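J.: Take this structure first; my questions come after.
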Amino acid sequence: MPTKQTTKQWSVQVGEVEQGKGLVKPEKEKLHTYSLKVDNIGTDILSAEIHMFRNEPNSTTKFALFGCPGEIDCNKDDYERAISLAKQLNDGIPYQFDNFPLAEKATELEVEIVWTQKGSEGRPLKERFIFTAK
């Protein structure tokens with residue numbers, strides 16, 4: 001699956017994962033592990049959120065790869081996180097997820113980016129990047 005997709009605003013790369021102590025390891029016939037790198041290559045943004053989903057065979061439902069573990073109110077600090085991520089991306093520092101598991105039965109990884117442009121704060125934009133297993 002390692003590959004890269006780009007648009008006018010984003011560069012999204014799914015890559016090989018480095019193995020290390022405390023990181024998820026691939027399990028034969030169960031799960032693969034990958035890394036994710038997202039770069040803002042377009043105009044400056046005010047806020048950004050990145051979501052990752054996998055498909056499930058014989059289902060139209062997609063499952064999130066991460067959520068808000070241990071938090072009752074997941075939306076409590078979302079705005080501050082979105083502003084902080086936008087600043088990081090505007091400064092040329094990519095969003096990196098060094099090691100994530102993907103179920104072997106999944107044939108598709110969807111990366112969804114929702115952001116707002118400076119000057120158009122009330123109107124979120126969204127792009128989806130679909131990566132398929134070979």
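Every number in this text was worked out from the coordinates using simple rules, so none of it is lab data. Just so you know, these numbers come straight off a predicted model, no measurement behind them. Here Cβ is always computed from backbone atoms with ideal geometry, including for glycine, and neighbour counts include all displayed protein chains.
J.: Out of 118, 28, 62, any idea which swings most in a Gaussian network model of the chain, alpha carbons joined below 10 Å?
T.: The residue with the greatest mean-square fluctuation here is 28.
J.: Can you quote the Å³ per residue value for the convex hull of the Cα atoms in the chain, rounded to an integer?
T.: 134 Å³
J.: Sticking with this structure for a sec: Measure out, as a whole number of angstrom, how far apart the alpha-carbon centroids of region 1-33 and region 79-134 sit.
T.: So the separation of the two Cα centres works out to 14 Å.
J.: Follow-up. Counting only helical runs of four or more DSSP H residues, what would the 222 nm mean residue ellipticity of the chain come to if each run contributes -39,500 (n - 2.57) and the total is spread over all its residues?
T.: The per-residue figure over the chain is -3000 deg cm²/dmol.
J.: What's the extension gain from residue 46 to residue 128 if we count 0.36 nm per residue and subtract their Cα-Cα distance?
T.: Here the segment from residue 46 to residue 128 would lengthen by 27.6 nm.
J.: Now for a different question. Packing-wise, with mean Cβ within 10 Å as the measure, how do 34-43, 119-128 rank, highest first?
T.: 34-43, 119-128
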